[in-house]
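Heads up, the thing below is written out as structure tokens.
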Amino acid sequence: SPSVHFAASAAAGARVIVVPYPLQGHITPLMQLSKLMASQGLSVSFVTSRYCISKITSSKQSFSAHQIFPGIDLVGIDDGYGGSEDHDLMINPEKFLESLELLHLSFVKLLDRTVGEEGIRIACIISDSFLPWTQDVANQWSIPRICFWPNSLSVFSCSMSIPSLAVSSPALNPFNARVYETSNGEFVTSIPGIPEIRACMLPFHTLGGERSEAWMRHQIETQIQQINEYKAIIFNASPCLEPEVHACMKELLPSDKVFYTLGPLVPSSILSSESDDQGTGSSMFDEDEACVEWLDTQSPHSVLYISLGSLITFYDEAELQEFTSGLLDSKQPFLWVFRPSALLPTPRMECSFGKIIEWAPQLRVLAHNAVGGFLTHCGWNSTLESLLMGVPVLGWPQMLDQTTNCWFLTEKLKVGLRLESMQSKKVDHKSLENSIRRLMVGEEAKLFRARANEVRDMAKEACTQSSLSSVLESLVSTIVSLNH
Ligand code: UDX
């Protein structure tokens, strides 16, 4: 069960503290990284909110925590969050940020006690780039911090280019929502590794107006400023998928900065039948296993899988209605993840060809032969998972890196298309119906599938090639050397 102390029976290896941003899309890859490090003999303490830890462990009915997380010590600390929806980032960002502040204070107290009073030695802290205060705490105790970048190399390059954007395109303020309102905005050509990208595809668009624009700008600027303080950076990305940006990393980073590309950080069970990994293991929600049986009854490549990740939801009931009509008019079988929310009623529809569920075992769904397309918000994890499974996408990005990930999927890799009405955020039922047909049936659909299969082979290569294990070995030996 979660504890507020580190487990006494630490492995002989060096101790690493891993701190994810307390959201599903950040917990999943960092848990996978933790498993990799634990498999190499490091002692890993995975520290996040008590609420997240209880959700992770309670959504696994059939396994005990240590079976799912061998060698990983789960440490839940207080962030004042009891689980009510009013702390949800999308419903009440102010409260979410307040709970992050409390998480910060609890983390300070945890280190005061464990490192200060009990004298526990910590080789390094590996924490999310969106938690700049972990750097301050690490500095206070002279513990090296390795930053975990949860997004793509392309998004990193865009973020590092903010200062030069201001010089090369003085009129362009990428944090201003207006940039994103026109789909044919200005082309930006000054981003290393990305010869050309429309300004409206940059990863800085927030949904919440001026305050969240200012918050986002502050986040990115802090991440850039802190780079000199990081001991190293780990990316959930692969040089095989983003070779051009990877080739520019030396130009983007200070010369003494070491970086590791360890992506795609997905459970090894999906890549090798010999692995004893139990699945994602870090899902915070109960996965609807019955949906896989339903998929078994469907024809090959016929089902559109729909999921907008763990945060994004529909703008209002009108948008949901419009989406539902387009989906039904497409007549395409679908499996739709609709997370229950206080904001919107779950759609009830009389339809023989579709199924709505609350949370899917996404990797198993994407791996299923019946699934022929993925309508996705283009979160980075979903992006990597769709590529690994060779499933063509209909991208419907809403904010931040999702927009750039959609560009990567549809314009760079050409494994699908973008839902055209997304710029105004409002979906149009006719455009949705047409886009679903283009993705799922006919000649264009065949081309998307062939291309997705090609990219899948490349992505699997990235996960299995020996260079990945040498990157991991190099990271582990750096961490061990920090322990001395
Ligand atoms: C967010 C951002 O969108 C993402 O770009 C960022 O890098 C991390 O945080 P989120 O919006 O939740 O994450 O999307 P995504 O990155 O796709 O992560 C969602 C995860 O939940 C995926 O690993 C996906 O497999 C999983 N999932 C989603 C399920 O297991 N079941 C579901 O029904 C839906």
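Derivation of every value follows stated rules applied to the coordinates shown; laboratory data play no part. What you are looking at is a predicted structure, and each value in this text was computed from that prediction instead of being measured. Neighbour counts run over all protein chains shown; Cβ positions are idealised from the backbone, glycine included.
Things worth noting here:
- Derived value for segment 131-260: Kirkwood hydrodynamic radius 15.7 Å. Basis is the mean of 1/r over every pair of different alpha-carbon atoms.
- Under 5 Å between amide hydrogens, built in the peptide plane, is the criterion, and for residue 131 it picks out nothing among residues at least 5 positions away or on other chains.
- Note on residue 446: aspartates and glutamates with a C-alpha under 15 Å away, same-chain residues under 8 apart excluded, are 454.
- Amide H within-cut-off set for residue 258, under 5 Å, with H built and near neighbours excluded: 233
- Length added when fully stretched, residue 414-residue 293, from 0.36 nm per residue minus Cα-Cα: 40.5 nm
- Computed from point charges on the beta carbon alone (+1 for Lys and Arg, -1 for Asp and Glu), the dipole magnitude for the chain about its Cα centre is near 620 Debye.
- Applying 1/(1 + (r/R0)^6) with R0 = 45 Å to the Cβ-Cβ distance of residue 344 and residue 480 gives a FRET efficiency near 0.35.
- The ranking of 133, 336 from fewest to most other beta carbons within 10 Å of each one's beta carbon is 133, 336.
- Net charge over other residues, Cβ less than 13 angstrom from the Cβ of residue 217 (K, R count +1; D, E count -1): -2
- Rg in Å to one decimal, and Dmax rounded to a whole Å, for the chain via C-alpha atoms: 21.8, 67
- Residues whose amide H falls under 5 Å from that of residue 302, counting only those 5 or more places apart or on a different chain, are 372, with hydrogens built in the peptide plane.
- Within the chain, DSSP assigns beta bridges of which about 5% are antiparallel (rounded to the nearest 5).
- Each eigenvalue of the Cα gyration tensor of segment 188-233, multiplied by 5 and square-rooted, gives one semi-axis; in descending order these are 21, 20, 7 Å.
- Angle in degrees between helix 380-389 and the longest Cα principal axis of the chain, rounded to the nearest 10: 70
- Rounded to the nearest 10 degrees, the inclination of helix 443-464 to the longest alpha-carbon principal axis of the chain is 10 degrees.
- 28 Å Cα-Cα threshold exceeded, pairs from 355/460; 55/231; 35/460; 55/109; 355/426: 355/460; 55/231
- Segment 373-468: equivalent-ellipsoid semi-axes (sqrt of 5 x gyration tensor eigenvalues, Cα, Å): 24, 16, 8
- Free-standing Cys residues across the chain, given no other cysteine C-beta under 4.7 angstrom: 52, 124, 147, 158, 200, 240, 248, 291, 351, 463
- DSSP loop GluC sites (Glu not before Pro) with at most 15 other Cβ within 10 Å excluded, longest remaining stretch of the chain: 359-484
- Among 484, 377, the order by Cβ neighbours within 10 angstrom, fewest to most, reads 484, 377.
- Equivalent ellipsoid dimensions for segment 290-461 as semi-axes, Å, which come from the Cα gyration tensor, largest first: 22, 18, 16
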